[in-house]
1. Specify the inter-centroid distance of segment B:1-70 and segment C:451-492, based on alpha-carbon positions, in whole Å.
2. Work out the P(r) tail for segment B:132-246: percent of alpha carbon pairs separated by more than 20 Å, whole number.
3. How well do other chains shield peptide C:18-28, expressed as the mean number of their Cβ atoms within 10 Å of each residue Cβ?
4. To the nearest 0.05, what FRET efficiency results for C:ASP84 and C:ARG502 with a Förster distance of 56 Å applied to their C-beta separation?
5. Could you work out which residue, out of A:PRO69, A:PRO16, A:PRO128, moves most in a Gaussian network model of chain A, that is, has the largest mean-square fluctuation with Cα springs under 10 Å?
6. Could you go through segment B:34-48 in sequence order and give the Karplus-derived ³J(HN,Hα) for each residue, using 6.51 cos²θ - 1.76 cosθ + 1.60 with θ = phi - 60°, rounded to whole Hz, and x for Gly and Pro?
7. List the pair-distance distribution P(r) of segment C:322-433, using every Cα-Cα distance, as the percent of pairs falling in each 10 Å bin from 0 up to the bin containing the longest distance, rounded to whole percents.
8. Residues with amide H under 5 Å of A:VAL50's amide H, sequence separation 5 or more or different chain, H placed in the peptide plane at 1.01 Å from N; which?
Amino acid sequence: MTADTQQTNEILARYPHEREQLIQVLQDVNRTFNYLPAESLRRVSEALDVPIADVYGVARFYAAFSLEPRGRNIVQVCEGTACHVRGASGVGDEFKRTLGLPDEGGTTEDMEFTVVGVNCVGACALGPVVIANGEYHGHMRANKVGKLVRNMRKKD
Amino acid sequence: MLNLDINGRRVTVRKGTALLAAIREAGFDVPTLCHHEALEPYGACRLCVVEVREPGRSKTRVVTSCNYPASAGLEVETESDAVVHTRREVLDLLLARCPGSSVIRQLAASVGLRRSSYPPDQNRDNCILCGLCVRVCEHLGYSAITLAGRGGGREVAAPLKEPPPDCVGCGACVRICPTGNIPLVDRDGMRRVWDRDFEMVRCTGCGRAYITREYLQSRVASSGLPASHFELCDECSRSRAAQTMYQHMVLGDKEASHE
Amino acid sequence: MQAIRSDRELKKYREGLVAARDPKRKVVSVCTGTGCKAYKCDDLASALQAEVDRQGLSDKVEIVPTGCHGFCERGSLLVIYPDDIFYQKVPAERAAEIVEKTLAGGEILEDLLYEDPVTGKRIVKEGDIPFYKHQQQLLFGPGRRMRPGSIDDYIALGGYEALAKVLGEMQPDEVVDLIVASGLRGRGGGGFPTGVKWRTCRDAPGDPKYVICNADEGDPGAYMDRSLLEGNPHSVIEGMVIGAYAIGSSHGYIYVRNEYPLAVSNVHAALDQAREAGLVGDNIFGTDFCFDVRVSRGGGAFVCGESTALMASLEGYVGEPRAKYVHTVEHGLYDKPTNLNNVETWANVPLIVNKGVDWYTSIGTGDVSQSPWGGSKGTKIFSLVGKVKNTGLVEVPMGISLRQIIYDIGGGVLDDRAFKAVQTGGPSGGCLPESFLDKPVDFDELTRAGSMMGSGGMIVMDDRTCMVDVARYFVKFLLDESCGKCVPCREGNRRMLEILSRICEGRGVPSDLDLLERLGLAMKRGSLCALGQTAPNPVLSTLHHFRHEYEAHIEEHRCPAAVCRSLITYTINDACNGCTLCKRVCPHKAISGEKKKAHVIDQSKCDQCGVCIQSCKFDAIDVA
C-alpha cells in the first residue's frame, strides 16, 4: 500500500461509506494532496462502491478539485462582479504574464505557482481581491503584482 | 386515463405518460436527438419542444415533450411559432458545432437551414453531447464512461483519460450514438473500442467473431444462463430456434431439442 | 450544557444568563466576519483581549468577537456598548490605547471615529451614522452582539423562544398557516411564497420528507447568506427546526458553498451545541419531535444553487439540473418530498413566530391579506458593492428605493464619479440606468423594470464601467458555470461570448445585435433550467438601456467608458516631468524618454495593461 492509499484510507475512515459522501471525501483528499491523485480516486471508487467513471465525472465537474498537481504557491484572483468592475482582470492578466501562464491560468513548470480565477470570495469592500496562500490582499493593482510574486518566491 | 389535445386532436393516454408518446398516439411527431425508448428521458437536445397550455391558465409554456407529463385538459401545439423558432435555433447551434455531421446537416436542412449563423467549429468530432452513450452504458450496468467537465469544456470521456477498466466492449454506445461518433473496429477476432483491445468469441455455428469475452462473461454472470447459451450468435441462434420449431410443430417431432 | 426540556426551562436558563451579566460591564463588539478578516480583525480582537487582561479590566470590560456588522468598507471596526461608540478602520496596534483611553478612561479617540463626508463632522454613536441609521437590521442586528454560534449568547437575546412556542402551543398546520399569512417569500431570488411551499410539501405523499437550507450563494458580489450563517447560525437552525416540524420532516441538510469554510465550521459548532441543549436531534424540547441536520459542502459550482442541481450534488452526483415539471416538493432529494429554502428565508421564520403576522406585514410593500403574492413583506439584506463609497451589507425594509440605498446608505458613487447603472439579481438579472433610481426595491417592481431583485447582490457602476464588457463578463461566467447538458445554454452562451468578445475587440458588425437578441430569445425559451433561461438577461438589459455603447464599439470602434483594451490608447500628457518611473515599471518596455524630459509611449508595444497609469504620481497619463 502506498502512502497515497494509506492517507486516503484515513480520510475514508471519517465518513460513512455511501454515495452521499463522495464529494465530502474528495474535498478532504484534494486538501490533503493539493490535488486528486489517480490512485486516490481508485481507492475512493472501491471504498464507496461507485464506478470509477462516476468518481472521475464528479472530480471533473466541480471547481474545487484539481486533477493535476498544483504549485507550492496558490494565487486565487477573485473574479466577482464587484472586483471585475474595479479592474480585477488587469490584475489577473499581470499575474499570468509575469509567470508565463496562458489565459486560463494554470501551474508554472517549476511547480512554484498556480494562478487560478475564483468565484466571488465575499470581501468586496477590498476589491480587487487576491488570495495568496490563504492570505487576503485587497485593493490589488497590476503594479503591485511583481512585488507580491517576489515575496511569495522568497518564503519557503 | 386522461384526455388531452394535440394540435386540436383529442387523444387519450394513461396517467404518467410523457407528451411525446401522446403526440405520436395522436398521429403527429416531433424531432428528437437525445431520446431513446429504452432509456429515461434526458431533456438535453431540446429538439422535442412543444408549446403547452394548462387548463384554466392564460400563459403558455415551451417544454420538452420527452419528459413533460400529460395531464387532463392540456392543450399542446407541436408546430407553433415559438417551438419552430426554438428548434431552428438549436439546429443552428448544432450545425456550427458539428459541421461535419451528415445527420445534423440533414436535420438542419429539414428546417430550411443550410448554413449556420455562427462560425463553424474546426477540429471537432461529431459529438453532440446527447449523453446517450453514457446513459446506455449505465443502464446496462457497466458505467464505464462518463460526461466530464461542464460548460464549454464538457465532453464524453473515459475515466482518468485511460482505456476504461469497466468497459466490456459490448458496443451499445457505438450503436446508439446518433452521429456515429464512436469508433469501433472488429478485425481478425479482435475488437478495438475506447482504446481497448478485446478478444472476441466465435460463434460455433457460423464462425463469426460476434461477442467479446468480457461481455459474454458479464452476461453469463448477470443472466444466470449457462455459458453454452451464448455459443451461438444471434442469427444462428434464431435459425436454430426456427429449425427446432419447424421440426416440433410441423413435423411433429416431439424429441426436437429446444436449443 | 444540560438539555432544555421545556419553555419554562428555557426561560429559566435565559434568566440565569442575563442575571450573570453585569449591566455595568462594557461590551466591545468586534467584527470578525470574513470581510474584516482581510483587515486582520482577529489580531485586533486578540490584542484587545490581551490588553484587557493585562490591565486587569476583565470584570469591567468584555471583548466579544462577533459576526459581520455590514459596514465592510470601514473594517476593522468595533462598537462599545452601552454607549454605542463606533470606531472604524482600527489597526490592531491601537488596542492598548483603546483599552487605556476609551474603556478605562472614558476618552474618545477622535481619529478612529467615522467622519460624515457631507458635514465633515465626526460621529460618535453607531446609530447616528447614515449607513446604519437608514437600515432596519432585524436579521443582522442580533449577530452583531453575539459570539458566532454561541448558544448562550443566542438564548440570552431571546433565541429558541420561537421554537419553544411552536412546539409547546402550535399544531404543524397552524405553523404553516402563520407563514402563509406573513407573506414571507423566498429570499434566494425566486420569491416564491414560503408558506405555500411548506403546505405543498406537507401535503405531498411520501416518507421521509427532507428540509434543506440552500447556502450555495453563488451570485458574484453577494455575500449576505455567508455573513448570516457565519454570524448567527442558530437563527437559521431554529428556523429549520420550526419548518421541519410544520412540514413533518426529521431530516435536514445545510448545503454550504465550498468557498465558505468559516460558515461551515460555525454551523457545525452551532449544531453541536444545539444537540447538546436538546434543541436538535431526538425529543426536541422534551417532545416527540425528532429532527437532525447534516452539513454538506458543495464542490464549487454556481449551478448547484439551482434546487434540482443542489439535490443531485447532495446525493453525491454532478450538479446537473433536471426538468422541474414534477416539483421537488413532491419528488426531490432521493425522490422524496423536499422543502428547500434559502438561508435568509429560514432566518425570518423565528422572527415571524416571535413577533406575529400583524407586525411582520407592517413592514414592506403590498397587501398579502388575500394572497402572499400580493406584496413583499419584511426586510431584505443586500450586498452593496462595486463603485460605491460604503461597500457592505445592508438590511432594509422592502419598498425602499434604489436611490435611498445607493446614496443615503451607500454614500453615493465612489470618487464622486457619475452614476451609470446598478446591476441587481446577479447573472440572472439586469442593469438599470439612472432613470430607475426611484423605483422601490421588492420582488415585483424591479422585475417589471426589466431586472430582478434576485438574492440581494447590488453592484453600482459608474461612467468608467463599460456595459458591453459587463455583459461579456456575465456571459463568460455563465459559460464556465453552465453544467453543459442542454444545447441552448451550452452552445448559446459560447456563441454569445464569441460575439461580445468580438465587439469588445472592435471586430463587431451591426448584424451582431440582432443575432444576440434572436439567440437570447431561443435561450430563454429553450434552456432546461433557470441558469440558461436567464443567461440572456444581462445582455438583453444592457442592449435595451445602453444600446448606444454597443453601437459605439461596432460603428466607431470606440469604448465610451475607456475600458476595452483594444479600443483605448494610453498617452502621456504635459504633466509629465520625466521621473522615469513609468518607463521602469512598464512590463512591455513600451515607454521611452530621458530623465527630466517628457516621456512617450510606443503604441505598437503598449498592451494597455495599466501598470504605468497606476504608478504615475503626477496624473501624466491619459486613457481614451
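1. Segment B:1-70 and segment C:451-492 have Cα centres spaced 32 Å from each other.
2. Numbers: 3176 of 6555 pairs.
So the portion of pairs separated by more than 20 Å is 48 percent.
3. Details: counts 0, 0, 0, 0, 0, 0, 0, 0, 0, 0, 0.
Average per residue, whole number: 0.
4. Computed FRET efficiency for C:ASP84 and C:ARG502: 0.50.
5. In the Gaussian network model the winner is A:PRO16.
6. Per-residue couplings from phi come out as 9, 9, 8, 3, 7, 10, 4, x, 10, x, 9, 7, 6, 6, 7 Hz.
7. Whole-percent P(r) values from 0 Å outward: 11, 30, 31, 21, 6, 0.
8. Those qualifying (amide H under 5 Å, at least 5 residues apart or on another chain) number zero.
None of the figures in this text is laboratory data; all of them are computed from the coordinates on show. Just so it is clear, the model here is predicted, and its values are computed rather than measured. Positions of Cβ are generated from backbone atoms using ideal geometry, with glycine treated the same way; all protein chains shown enter the neighbour counts.
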